[in-house]
Amino acid sequence: MLDIALTTLPFFALVLCGWIAARTRRLSADSVAPLNGFVLWFALPAMLFRFVAQTPVDTIVDLRVALGYTACGLLAYALAAIVLRTCARSDWIDTGYGALAAAWPNWGYMGFGLMPALFGERAIATMIAAGIMDLLVLMPLALLVASRQHATGGLGALAVGLKAVAHNPLFIAIASGLAMSLLQVRIPGPIDEFLRLLASSAGPVALFAIGVFVYRPGPVRPDVASWWLIAVKLLLHPLLMWLVGAWVLDLDRETLAVVTVVAALPAAGTAFLFVERNSGNVDRVASAILLSTALSFLTITVLTVWLRATGG
């Protein structure tokens, strides 16, 4: 267990550095936007495009992983949404985007650094096959659910979601890389080196940006619903993924381990951006993201140890 903990520790230490920088005001709250802008629009797309363009298409496009991960994400979303709506008496905005926090793991910012360290470079292909489905399925679903708050048309919300996907830089990078791979077009040397330099900064800056992003002045104020979202994200989502991957899809041990740990990653910040923009329960989602990020050091370490001990 110690070797796994020592592998994951540097990645969470970078998150902690970002949190300390925000907490001590070495970086102001205004610094979140430029940090996220660099990671989302430059570093991560460069890394994704370069990796996908140099990888065979059939390695990236894994339908079993994509469909199994989507099914588990939808189940996790439904479990979170039902409790938010019936027990917490949440409105449709808080239900739609709160459940998104429980079902969308932070594969974009945390996964691309952590997963290769735990499972090797091949893990990136599996993570892309799974994670792209969050953009294609979960985000439009959350918009559809939240749109019921104002009785707006479902088709309009769906159109907004699909438009957001089409303009997402990570989706564009993956789609462009797949086209390059399919056409067997090699990236010219100078451009490849430029992309490599950008890509090398993606992991560290993304992890640091998580820490800056999750910091909130004042005490953390989780309610009971926040803890439910955290439990779904860190415990139920990976459990569902392991059960489906092992007993329904019969995935090989390495792929099963990777996609299970992807599902166990903490809540992504996407849900917070949506709930803040729509004047929802910001404290609940912010608490879920912060605490799931902090607790995931322990849960991911234990889960990875268990997966290796049992052979996936």
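Per the conditions (1) closer than 22 Å to residue 7 by Cα; (2) open to solvent by 50 Å² or more (accessible area, probe 1.4 Å); (3) outside any helix (DSSP H, G or I), the sole criterion not satisfied by residue 298 is (3).
A count restricted to the range 192-221 and to residues that are in a loop (DSSP other than H, G, I, E, B) and either out of contact with any Phe, Trp or Tyr (no Cβ under 9 Å at 6 or more places or on another chain) or without any contact (Cβ under 8 Å) to a residue 40 or more places away in the chain (or both) stands at 6.
Evaluating residue 218 against the criteria (1) touching a helix residue (DSSP H, G or I) at 6+ places or on another chain (Cβ under 9 Å); (2) within 21 Å of residue 31 (Cα to Cα); (3) of a type outside the set (A, V, I, L, M) leaves one unmet condition, (1). Contact map, the range 222-250: residues that are among the hydroxyl-bearing types (Ser, Thr, Tyr) paired with residues that are open to solvent by 10 Å² or more (accessible area, probe 1.4 Å) and at pLDDT 95 or above, Cβ distance under 7 Å, separation 6+ or inter-chain. Pairs shown: 226/284. Taking the conditions (1) more than 19 Å from the chain's Cα centre (by Cα); (2) surrounded by fewer than 21 Cβ atoms within 10 Å (Cβ to Cβ) in turn, residue 37 satisfies each one other than (1).
Just one of the numbered conditions (1) in a helix (DSSP H, G or I); (2) out of contact with any Phe, Trp or Tyr (no Cβ under 9 Å at 6 or more places or on another chain); (3) touching a residue at least 12 places away in the same chain (Cβ under 8 Å) is not true of residue 116: (3). Restricting attention to the range 60-106, the residues that are under 27 Å from residue 207 (Cα atoms) and open to solvent by 60 Å² or more (accessible area, probe 1.4 Å) add up to 2.
Within the range 107-150, the residues that satisfy the criterion of being within 13 Å of residue 66 (Cα to Cα) and open to solvent by less than 20 Å² (accessible area, probe 1.4 Å) are 125, 126, 127, 128, 129, 130, 131, 134, 135, 138. Among the residues of the range 222-232, at least one is modelled with pLDDT under 95 and either open to solvent by less than 30 Å² (accessible area, probe 1.4 Å) or under 17 Å from residue 19 (Cβ atoms) (or both).
Taking the conditions (1) in contact with a Ser or Thr (Cβ under 6 Å, 6 or more places away or on another chain); (2) of a type in the set (Gly, Ala, Ser); (3) at pLDDT 95 or above in turn, residue 46 satisfies each one other than (1). In the range 89-112, the residues that are without any contact (Cβ under 8 Å) to a residue 12 or more places away in the chain and β-branched (Val, Ile, Thr) never reach a residue that is open to solvent by less than 20 Å² (accessible area, probe 1.4 Å) and assigned to a helix (DSSP H, G or I) with C-beta atoms less than 7 angstrom apart, at least six apart or across chains.
Residues that are charged (D, E, K, R) and over 17 Å from residue 283 (Cα atoms): does the range 193-210 have at least one? Yes: one or more hits.
The values are calculated or read from the model by the stated rules, or taken from the named source; none is laboratory data. Keep in mind that this is a model prediction, so the values were computed, not measured. Using ideal geometry, Cβ is built from the backbone for each residue, glycine included, and neighbour counts are taken over all protein chains shown. Heavy atoms of the whole protein, side chains included, go into the accessibility calculation; ligands, DNA and RNA do not. Shrake-Rupley method; radii C 1.70, N 1.55, O 1.52, S 1.80 Å.
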